[in-house]
Amino acid sequence: MPPHRNGNLSTVYFQDFVLEGFEGGLETQALLFAVFLALYMVTVLGNVTMIMVITLDAHLHSPMYFFLKNLSFLDLCYSSVIAPNALANFFSPSKVITFAGCVTQLFFFSLLVTTEGLLLGVMAYDRFMAICSPLHYPITMCHSACIRLVLGTYCGGCLNSVVQTSFTFHLPFCSSNHINHFFCDVPPLLQLACGNTAINELLLFGICGLIIVGVTFVVLVSYGYITVTILRMHSVTGRRKVFSTCGSHVAAVTLFIGTVFVMYAQPGAIESMEQGKVVSIFYTLVIPMLNPLIYSLRNKDVKKALWRLGQKHTTM
């Protein structure tokens, strides 16, 4: 398709983009490569271990761990959408990503990250039902209901991904095809557009804000009721167990919502790309690495399951 003119700006339809990544010489790139590789390897190891432990141990076949297994799957997938390509580009002279590759990366990243945010809200609701309404819990959170809830989070993620991807790549791009980031994301792509991006920025801010507010509201209400229920418990051991389980989820929600807010749901987020790169490392690699550690180190059931699987392995 030939280029056309829009006022004084030349609009070009590119077949490729260039991911500029991080500034610095060979030593800086080597250091960043080592950091990315270490984070990604721990992420893969931790999340694969969580998925295997929950799948193989019958004691963990409950709604809470069903959702946790899906959380580990999402962490594994969306870090894998970003990290391998980023690692390859550290020592690549061209750092090129095709137009189709950029569209695909943005679509799946947006899908998986949105789904994870919604799943964290579902997990808070699950804890609310388990602690505040234990008699109705087996019926309310039956296996089919859990599956429907997870599918609902994926549908919500897919809807947001379709909207963000289609509106972003519907824009005409200016003469530069250099993306000031280490992966294809909405804010750096909007910087390349020569059309009016007001609608795109409003959609990004509005949808991300709606998801953050919605998930935060569900979490706060759920844990408000949970706190009241815990304070009424007479068993100190029961209180500690509930606080330990819920504390892991609160930590995961706080980390995720905090970083997403900084990146997408605050005014001026699109202009601060250097800050955005650092924040992006946190939620694309650090959080997926930390989630299995948070849930395993603070959860006695997971630690017991790991010990049982270790015992089976040593006796074989």
Query raised in the report: Hey, can you list the DSSP H helices of the chain whose Cα span along the axis is 18 Å or longer and whose average Kyte-Doolittle score is at least 1.6?
Result: 26-56, 198-231
Query raised in the report: With every protein chain left in place, what is the accessible area of Leu68 in Å² (1.4 Å probe, nearest 10)?
Result: 10
Query raised in the report: Accessible area, 1.4 Å probe, largest first: how do Glu116, Glu201 sort?
Result: Glu201, Glu116
Report summary line: 1/(1 + (r/R0)^6) with r = Cβ-Cβ of Ser144 and Val213, R0 = 35 Å, i.e. FRET efficiency to nearest 0.05, evaluates to 0.75
Report summary line: Quick calc: nm separation of the 7 Å Cα→Cβ label points for Ile199 and Leu309 -> 4.8
Query raised in the report: Ignoring ligands, DNA and RNA, how do Lys95, Lys304, Lys69, Lys277 rank by accessible area with a 1.4 Å probe, largest first?
Result: Lys304, Lys69, Lys95, Lys277
Query raised in the report: Pulled fully out, how much extra length does the chain show between Leu135 and Val228, if you take 0.36 nm times their separation in residues and subtract their Cα-Cα distance?
Result: 31.7 nm
Query raised in the report: What FRET efficiency comes out for the pair Val163/Val221, r = Cβ-Cβ distance, R0 = 30 Å, nearest 0.05?
Result: 0.65
**Report entry** Residue order for Cys142, Cys208 - accessible surface, 1.4 angstrom probe, largest first
**Finding:** Cys142, Cys208
Query - Tail weight of P(r) past 25 Å, computed on alpha-carbon pairs of the chain, percent - result: 54
Query raised in the report: In percent, what relative contact order does segment 17-304 have, based on Cα pairs under 8 Å that are 6 or more apart in sequence?
Result: 27
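The values are calculated or read from the model by the stated rules, or taken from the named source; none is laboratory data. Everything quoted here is computed from the prediction, not taken from an experiment. Every residue, glycine among them, receives a Cβ derived from its backbone with ideal geometry; neighbour counts consider all protein chains shown. The protein model used for the area step is the full one, side chains on, heavy atoms only, and it has no ligands, DNA or RNA in it. Shrake-Rupley method; radii C 1.70, N 1.55, O 1.52, S 1.80 Å.
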